[in-house]
Amino acid sequence: MAGKGKEHLLRSLPGVDEVLQWEEIKGLLASYPRPLVVGAIRQAVGKLRAQILAETCAGDQELTRPALARRVEEVLVAETTPNLRPVINATGVVLHTNLGRAVLAEAAREHLSAIARGYCNLEVDLETGERGSRYSHVEELLTRLTGAEGALVVNNNAAAVLLALNTLAKGREVLVSRGQLVEIGGAFRIPEVMEWSGCRLVEVGATNKTRLEDYRQAAGPETALLLKVHTSNYRILGFTAEVGKTELVELGRELGLPVMEDLGSGVFMDLTPYGLYGEPTVQESVDAGVDVITFSGDKLLGGPQAGIIVGKNRYLEAMKKNPLTRALRIDKFTLGALEATLRLYLNPEDVLAKIPVLQMLSVSPDVLAERARSLAGQIEAAVGSFLQVDVAQDQSEVGGGALPLAQLPTWVVTLESPFISAAALAARLRQGEPSVFARIAAQRVLLDVRTLQEGEEKEICTALAKICKSASGS
Ligand SMILES: *Cc1c(COP(=O)(O)O)cnc(C)c1O
């Protein structure tokens, strides 16, 4: 059909003005702005022309009005769907950095939306009408929850560490244990942050062992700060020694130097009852007398992205005066979501149920088993002939560079198909709408129910049904 067919097809291609008159397109004009529809017609016709020229067009049936209108609609849907959009996390990784870390609590989502709808008292004191500080909204809550004297919030924990180091030790030396020169994903390395903040890093001790004497010997007239970094995302095991925060604080007092701790995650409650060991609470550090403590808002705390700094007022006041604070400041949305999240911690009885991160980490394996069986049943009913569906025990991870060794017993739904490989099925799930992220193990796709939110089971079934339909139709 090459030569002649090609010319015939090219001649049958309609013009934009003609397509705009079609009934099918008038329907689209009711839902989409005219300039977008015109652009979509151009794109759809242009693509069809390119396919005809490349001889990849199936023939006349592609040029019918319904077929072309469908192409136009596909372009419009793709163009009007936001790039950043909700996805379903069936990986079981609770703090998945690439999928946005913490899921916000309902109270935080509602407060965020109320703040977004209109104006708010971001920097005004309602009592006096005078100018206020944006930080005041969370300062009292943070000091109440942690026992610290003062608090400040910046854009993220990386910014908190940068600001604290720059304020307390610019142009001078900071002592850090060799075993704590952490790299967090996204090129956050303690030695580099140290450099940007204008401090000089002095490494103390060996990778596996650091003793109090090592800090004492390294301290000199140029020393400004003793820094302890929580090794959030790795553990040094075996023949090891670390200096505890109480001892380090004692040494700091003796030498007249402040002690800072970068906690990374920062939790307000002991998570050991849920099988999560080794994550120190913020209160422990405050009680030990650490002068400046930094942690994230969107890791185990379960709030929005933020860098929280708590500690002694004399250091916090100096940080508030540092011009860097202005560059790293948080906006009203972060503040609103953070305040609402922090308020939930005032009621310890409820906090596990109300903060999704803590809820997902503490949910019992029995509940997960029940949810996995229910999801398996729904998938079986939707696409049982296409997929072999089962449930199995497995392990989920905390993620977000927190609790690297924690293995949380979980239940997964396993999917296997004679028609499609596990890798291809996982890719189709990811590329679908809504997009579903799963794990792959032993040639099967695993859906971990731990990280599924309310109503997402049904969406997964719809997504699988679509994949099944297009796979069996082609
Ligand atoms: C995660 C982490 C950071 C970085 O925090 P962000 O909020 O991601 O900027 C810094 N230090 C430690 C120890 C961490 O675990």
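The values are calculated or read from the model by the stated rules, or taken from the named source; none is laboratory data. Everything numeric in this text was worked out from a predicted model, so none of it was measured. Cβ placement follows ideal geometry from the backbone for every residue including glycine, while neighbour counts extend to all protein chains displayed. Areas reflect the complete protein model, heavy atoms only, side chains present, ligands, DNA and RNA absent. Shrake-Rupley method; radii C 1.70, N 1.55, O 1.52, S 1.80 Å.
Along the charge dipole of the range 398-461, pointing to its positive end and built from +1/-1 on Cβ of Lys, Arg, Asp and Glu, which listed residue (411, 400, 423) has its Cα farthest out?
Sorting the options by dipole projection puts first 423.
Excluding same-chain residues fewer than 8 positions from residue 466, which lysines have a Cα within less than 19 Å of its Cα?
Once the sequence-local lysines are set aside, what remains near residue 466 is 458.
Which of the lysines could a cross-linker bridge to residue 312, judged by Cα under 19 Å and excluding same-chain residues fewer than eight apart?
170, 228, 245, 320, 321
In terms of the Cα gyration tensor, with a ≥ b ≥ c the square roots of its eigenvalues, is the range 106-351 rounded because a/c is under 1.5, prolate because a/b exceeds b/c, or oblate?
Prolate, because a/c is 1.5 or more and a/b exceeds b/c.
With every protein chain left in place, what is the accessible area per residue of the chain in square angstrom, probe 1.4 Å?
Result: 48 Å² of accessible area for each residue.
Largest first, what is the accessible-area ranking of 350, 17 with a 1.4 Å probe?
17, 350
Defining a contact as two alpha carbons under 8 Å apart and six or more residues distant in sequence, what relative contact order in percent does the range 359-451 show?
28 percent
Charges on Cβ only, +1 for Lys and Arg, -1 for Asp and Glu, centred on the Cα centroid of the range 15-144; of 86, 99, 51, which one is farthest towards the dipole's positive end?
Farthest towards the positive end: 51.
At most 15 other Cβ atoms within 10 Å and a DSSP loop assignment: could you name the GluC sites (Glu not before Pro) in the range 95-125 that fit?
Sites meeting the loop and neighbour criteria: 123.
Filter the GluC sites (Glu not before Pro) in the range 319-376 to those in DSSP coil with at most 10 other Cβ atoms within 10 Å of their Cβ, and list the result.
Answer in residue order: 349.
Dipole size in debye (nearest 20) for the range 20-162 around its Cα centre, Lys and Arg Cβ +1, Asp and Glu Cβ -1?
Using Cβ point charges on Lys, Arg, Asp and Glu, the range 20-162 gives about 600 debye.
Would you mind working out the magnitude of the charge dipole of the chain relative to its Cα centre, with +1 at each Lys and Arg C-beta and -1 at each Asp and Glu C-beta, to the nearest 20 Debye?
Its charge dipole is roughly 1360 debye.
In percent, how large is the relative contact order of the range 70-204, given Cα pairs closer than 8 Å and 6 or more residues apart?
14 percent
Let a ≥ b ≥ c be the square roots of the eigenvalues of the Cα gyration tensor of the range 154-209; is it rounded (a/c under 1.5), or, if not, prolate (a/b larger than b/c) or oblate?
Oblate is the answer for the range 154-209, as a/c is 1.5 or above yet b/c matches or exceeds a/b.
To the nearest 20 debye, what charge dipole does the range 3-80 have about its Cα centre, counting +1 at the Cβ of each Lys and Arg and -1 at the Cβ of each Asp and Glu?
Using Cβ point charges on Lys, Arg, Asp and Glu, the range 3-80 gives about 160 debye.
Roughly how many whole Å is it from the C-alpha centroid of the range 434-459 to that of the range 267-328?
33 Å
What's the longest uninterrupted piece of the chain once you rule out the chymotrypsin sites (Phe, Trp or Tyr not before Pro) that are loop residues per DSSP with at most 15 other Cβ within 10 Å?
After excluding every exposed loop site, the longest remaining stretch is 278-418.
Using a 1.4 angstrom probe on heavy atoms only, work out the carbon and sulfur share of the accessible area of the chain in %.
51 percent
Given a Förster distance of 25 angstrom, what is the FRET efficiency for residue 327 paired with residue 106, based on the Cβ-Cβ distance and rounded to 0.05?
For residue 327 and residue 106, the calculated efficiency is 0.20.
Rounded to the nearest 0.05, what FRET efficiency is calculated for residue 364 and residue 206 with R0 set to 41 Å and r the Cβ-Cβ distance?
That gives a FRET efficiency of 0.50.
Counting DSSP beta bridges with both partners in the chain, what percentage is antiparallel, nearest 5?
55 percent
Per-residue ellipticity at 222 nm for the chain, helices alone: DSSP H runs ≥ 4 residues times -39500 (n - 2.57), over residue total, nearest 500 deg cm²/dmol?
My calculation for the chain gives -13500 deg cm²/dmol from helical runs alone.
Under 8 Å for C-alpha pairs, at least 6 residues apart: give me the relative contact order for the range 106-351, rounded to a whole percent.
For the range 106-351, the relative contact order is 26 percent.
Which loop-located trypsin sites (Lys or Arg not before Pro) does the range 137-209 contain, where loop means any DSSP state but H, G, I, E or B and the Cβ has at most 16 other Cβ atoms within 10 Å?
Answer by residue number: 170, 172.
What is the calculated FRET efficiency for residue 374 to residue 234, with r their C-beta to C-beta distance and R₀ = 41 Å, to the nearest 0.05?
Using R0 = 41 Å, I get an efficiency of 0.65.
Run the numbers for residue 222 and residue 83: contour at 0.36 nm per residue of separation, minus the present Cα-Cα distance, in nm.
So the chain would gain 45.1 nm between residue 222 and residue 83.
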